[in-house]
Amino acid sequence: MNIEQVRDYALSLKGVTEDQPFGDDNITFRIEGKIFMCLWLGDNNLESESFQQRFAIKLSPERNEELRAQNTAVTPAWHWNKKHWSDIFYSSLPDELLMAWIQESYLLVVAKLPKAIRQYYL
């Protein structure tokens with residue numbers, strides 16, 4: 001997936017909105033105001049190694065540990081709670097895997113919504 005495909009997929013999930021509360025170099029994706037993913041757009045002030053395409057997703061601590069152990073493209077998220085968030089360096093990963101992880105993050109946040117609201121998204 002490229003950056004536009006990642007963005008389009010996240011926005012295709014029911015009820016997702018996007019904004020840029022942290023500046024022009026990130027887009028956050030929310031469900032009912034709660035962030036489930038942050039897509040890094042890059043920053044010209046960073047060194048070239050930092051230009052790797054990545055997004056941060058929220059997962060359970062156990063799931064984050066599992067994914068990090070299985071794949072070098074999954075690391076603790078740089079500016080997020082490292083227990084609950086992982087950076088996914090997505091350019092070398094299969095599309096199906098990326099979509100599954102994005103949806104997993106989305107569903108984790110949906111599961112924490114009040115029951116009456118949650119039912120709308122499931």
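Miscellaneous remarks
- Within the stretch 20-36, residues that are over 10 Å from residue 106 (Cα atoms) reach partners that are open to solvent by less than 50 Å² (accessible area, probe 1.4 Å) and part of a loop (DSSP other than H, G, I, E, B) with beta carbons closer than 8 Å, at six or more positions or on different chains, in the pairs 25/42; 25/43; 32/15; 32/113.
- Test: residue 80 is among the aromatic types (Phe, Trp, Tyr), open to solvent by less than 60 Å² (accessible area, probe 1.4 Å) and modelled with pLDDT under 95: yes
The values are calculated or read from the model by the stated rules, or taken from the named source; none is laboratory data. This is a predicted model, so every value here is computed, not measured. Neighbour counts run over all protein chains shown; Cβ positions are idealised from the backbone, glycine included. The protein model used for the area step is the full one, side chains on, heavy atoms only, and it has no ligands, DNA or RNA in it. Shrake-Rupley method; radii C 1.70, N 1.55, O 1.52, S 1.80 Å.
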